[in-house]
Amino acid sequence: MTDIRTRWHATTSRVGHAFDTMPRSARITGLLAFVAFLYVLPNKWFYEYLNIPGVWIPLYTTSNDMAAVLFYCAWIVLLSLGLNVVVGYAGLLDLGFFGFFAVGAYTVALLTSPESKLITEYNWLESPWPWLVTVPIAVALALLSGVLLGAPTLRLRGDYLAIVTLGFAEMIRIVAKNQDWILNGDRGIPSVAHPPGKWSDGTPIFGIAFKPYYWLLLTVIIIAVFLIRNLSRSRVGRAWVAIREDEDAAELMGVPTFRFKLWAFAIGAAVGGLSGSLWAGQATFVNSSTFSLENSILVLAAVLLGGAGSIPGAILGGFLVIYVPEWLRSVGDVFGLPESVTVAGRAYDVSPTSLRYFIFGVLLIVVMVFRPQGLWPNRRRAAELKDRQKEVAVVE
């Protein structure tokens, strides 16, 4: 196992070094080509030709709409970028990130739906607001909720902070499920407005099709990556790294740790609220069933799988946690695997569709064993883990 791990590390290091030594113009050209590839990817005439060279194993999802899968991947990627600020940069364990997502989604639903009780029962609003107007409000409320949650709790660390954030997300979910006064309980809020825009023939751009929403999310992700990348390289980003590595030492050196942790929490919450507002526009229906603990854990798994503190890692992890299980749906058809087996006269379902989360879980465990720093780690973060492994080896 040690030999395999060493070879894997050597291979990935060579690939990373080869990319870093490329001319700047070549890297920019490659990046622009990759972005163009992502915009073209949901078109059926394009992705149907994606397969592993030499053998016909499709790399696209054959059992589910490719554009829909890419939309859900982009949605989780945006959430991963927000959580990466909190967990990856500042080192704060947040298990309730979906609570901020819920704040953004419910804000857009309450303000844009004609069936919102703010309009139908309480007459607080005369008519639904445009979707585009409500998005900044949703982001601002999510950011405010992050500040209100973080102000009294960010002096906690580790497991204690994780429990508090978990309680926040569960509180949002339970209140949304049981409260009928405004949020309408489990019946939810239907008829949420779509983003604006029309094609040349007058039909709406954003309707039931997933492709326009994927393009919108992809554009938002590119903007978010640009802003977060610049922020991580600023004085604020350096303060986050210092806090993550050793909060006590950072505070002794004069870093206002509480303020910078609160900034990380607020920025992550704002990105979570933005993702919720975009999702609500596509779903057109919001209730409490989406805001479960499993989804918060899924986003955290995406950040750790890709590499905490790494923007490319957060993107890769968010893509894989959605795409791999969906791609596994089609594996049985491609390889002609049986749907069930009979043992002692009893049939057992062994189709990849049914076992896809088990298979993905095993793959996730294997990656974490051989690559604990993530598939695409931040260099500083990878060095930290390597130093800790040496310390453990010396102690043993």
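The values are calculated or read from the model by the stated rules, or taken from the named source; none is laboratory data. In this text the structure is predicted, and so the values were computed from the model without any measurement. Positions of Cβ are backbone-derived with ideal geometry, glycine not excepted, and every protein chain shown enters the neighbour counts. Note: areas computed on protein heavy atoms with side chains; ligands, DNA, RNA excluded. Shrake-Rupley method; radii C 1.70, N 1.55, O 1.52, S 1.80 Å.
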Check your understanding: farther than 25 Å from S289 by Cβ, more than 17 Å from the chain's Cα centre (by Cα), open to solvent by 10 Å² or more (accessible area, probe 1.4 Å) and at pLDDT below 95: does that describe L154?
Key -> no
Check your understanding: In the range 93-104, what residues are closer than 15 Å to L149 by Cα and either basic (K, R) or open to solvent by less than 10 Å² (accessible area, probe 1.4 Å) (or both)?
Key -> D94, G96, F97, F98, G99, F100, F101, A102
Check your understanding: Does F226 fit the bill of being within 25 Å of the chain's Cα centre (by Cα) and either loosely packed, with under 13 Cβ neighbours inside 10 Å or of a type in the set (D, E) (or both)?
Key -> yes
Check your understanding: From I267, I297, which residue is among the β-branched types (V, I, T) and surrounded by fewer than 20 Cβ atoms within 10 Å (Cβ to Cβ)?
Key -> I297
Revision key, fill the gap. Only one of (1) modelled with pLDDT under 90; (2) closer than 30 Å to A280 by Cα does not apply to R7, and that is (2)
**Study point:** Inter-residue pairs, beta-carbon under 8 Å, first under 14 Å from L154 (Cβ atoms) and in the range 241-264, second open to solvent by 50 Å² or more (accessible area, probe 1.4 Å) and part of a helix (DSSP H, G or I), 6+ apart
**Key:** T257/E251
Exercise for review: Scan the range 375-396 and give yes if some residue there is touching a helix residue (DSSP H, G or I) at 6+ places or on another chain (Cβ under 8 Å), modelled with pLDDT of 85 or more and open to solvent by less than 60 Å² (accessible area, probe 1.4 Å), otherwise no.
Suggested key: yes
Point to revise | Enumeration of residues in the range 184-210 that are open to solvent by less than 40 Å² (accessible area, probe 1.4 Å), closer than 30 Å to D94 by Cα and more than 25 Å from the chain's Cα centre (by Cα) | key: N184, G185
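Listed here are the residues, each with its yes/no results for (1) within 19 Å of A280 (Cβ to Cβ); (2) polar (S, T, N, Q); (3) at pLDDT below 90; (4) more than 17 Å from the chain's Cα centre (by Cα).
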site: S63; (1), (2), (3), (4): no, yes, yes, yes
site: V85; (1), (2), (3), (4): no, no, no, no
site: F97; (1), (2), (3), (4): yes, no, yes, no
site: T107; (1), (2), (3), (4): yes, yes, no, yes
site: L125; (1), (2), (3), (4): yes, no, yes, yes
site: V147; (1), (2), (3), (4): no, no, no, yes
Revision key, fill the gap. The helices (runs of 4 or more DSSP H) lying wholly within the range 29-134 that contain at least 3 residues that are under 20 Å from T290 (Cα atoms) and in contact with a helix residue (DSSP H, G or I) (Cβ under 6 Å, 6 or more places away or on another chain) are 66-83, 98-112
